[in-house]
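Comments concern the structure below.
The values are calculated or read from the model by the stated rules, or taken from the named source; none is laboratory data. Keep in mind that what you see is a predicted model, and the values were worked out from it rather than measured. For neighbour counting, all protein chains shown are included, and Cβ atoms are generated from backbone atoms with ideal geometry for every residue, glycine included.
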Amino acid sequence: AMAADGRAGMAVLATQLAAAGATLSWSAAEWALRGKPSVLGAVSGAVAGLVAITPAAGFVLPGPALLIGLIAGVVCFVAATEIKPRLGYDDSLDAFGVHGIGGIVGMLLTGVFAFGPLSGGAAVGGAHLLGVQAIAVAASFAWSAAGTWIALRLTALVVHQVATLGHCAGHATAFDGRQVEAVTLRTDGTEVLPPSDRSSWHGATLRCVIDTRVLAGFYHSEQSDPMRLRSDI
């Protein structure tokens, strides 16, 4: 909508209904599968509904908008809580499970539910528009994958990662700012092979880059376990 007119009002209404529908469906799915709904789940559902309705807001009527939200809430819930653990990909904030999957759902359902008169006949739901939307989904996926790959390659070059199959070189900085010798750190961040002068490691912090992941921790100099490193990453 490019003006304060009826189409703009319909887009606002569609947005609210989709968010509400996704909130309800995510919470219902969580209640059914987890035993109780949660505030985090309800908020995640609302976001999923907002994402899904974004491509459709100016093209669908209130009923389909609510349905898009209901569908997106369940699909995104399954993607974030069931598919992610099974595939094991790293998505701590569920950006792909909510924004990625929700966007795909919304784009495809726009091709199904688009109401022609809202766009002056430019977008009418049906097999043709669904095919166009599917191509747009594939193109967006390819663009995002390529951009992510390039970003990771550039990051690897900038970070100057020093990695081998099991170890990487790291440096430590004590609280007083002095630099101490390089060490070898296991990729799980749990053990350190310190320099011969272990006293120099008292109160030192360690930072090491492995496969673009930064491991940071505090070196403990207790005599009972002088080789341990506590890491929060």
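If you take the residues of segment 3-26 that are among the hydroxyl-bearing types (Ser, Thr, Tyr) and closer than 21 Å to Phe96 by Cβ, which of them is nearest to the chain's Cα centre (by Cα)?
Taking the candidates together, the pick is Thr23.
Could you grab me the full set of residues in segment 71-86 that are touching a residue at least 40 places away in the same chain (Cβ under 8 Å), surrounded by fewer than 23 Cβ atoms within 10 Å (Cβ to Cβ) and either at positive phi or of a type in the set (A, V, I, L, M, F, W, C) (or both)? If you could, list the steps in order and put the result at the bottom.
Step one: list which residues in segment 71-86 are touching a residue at least 40 places away in the same chain (Cβ under 8 Å), which gives 71-74, 76-78, 81.
Those left that are additionally surrounded by fewer than 23 Cβ atoms within 10 Å (Cβ to Cβ): 71, 74, 78, 81.
Ile71, Val74, Val78, listed by residue number.
Can you report the number of residues in segment 87-135 which are touching a residue at least 40 places away in the same chain (Cβ under 8 Å), of a type outside the set (A, V, I, L, M, F, W, C) and more than 25 Å from Ala46 (Cα to Cα)?
1
As an exercise: evaluate Gly126 against (1) at pLDDT 95 or above; (2) at positive phi; (3) in contact with a helix residue (DSSP H, G or I) (Cβ under 6 Å, 6 or more places away or on another chain); (4) not polar (S, T, N, Q) and give the number of the one condition it does not meet.
Evaluating Gly126 over (1) at pLDDT 95 or above; (2) at positive phi; (3) in contact with a helix residue (DSSP H, G or I) (Cβ under 6 Å, 6 or more places away or on another chain); (4) not polar (S, T, N, Q) leaves (3) as the failure.
Being under 30 Å from Leu118 (Cα atoms) and not aliphatic (A, V, I, L, M): is that true of Gly35 here?
No; evaluated as a whole, the condition is false for this residue.
Could you check how many residues of segment 95-121 are over 23 Å from the mean Cα position of the chain (by Cα) and closer than 15 Å to Lys84 by Cβ?
0
Please list, ordered by first then second residue, the pairs with beta carbon atoms under 8 Å, 6 or more apart or interchain, first in segment 48-63 and small (Gly, Ala, Ser), second surrounded by fewer than 23 Cβ atoms within 10 Å (Cβ to Cβ) and not in a helix (DSSP H, G or I).
Partner pairs satisfying both residue conditions: Gly58/Ala1.
Restricting to segment 83-118, give me the number of residues that are closer than 17 Å to Gly63 by Cα, at pLDDT below 95 and of a type in the set (Ser, Thr, Tyr).
The qualifying residues number 0.
Go through segment 41-82 residue by residue and tally those that are over 18 Å from Ile101 (Cα atoms) and out of contact with any Phe, Trp or Tyr (no Cβ under 9 Å at 6 or more places or on another chain).
The total comes to 2.
All but one of (1) more than 29 Å from Ala123 (Cβ to Cβ); (2) in contact with an Asp or Glu (Cβ under 7 Å, 6 or more places away or on another chain); (3) without any contact (Cβ under 8 Å) to a residue 24 or more places away in the chain hold for Leu40, so report the exception by its number.
Leu40 satisfies every listed condition except (2).
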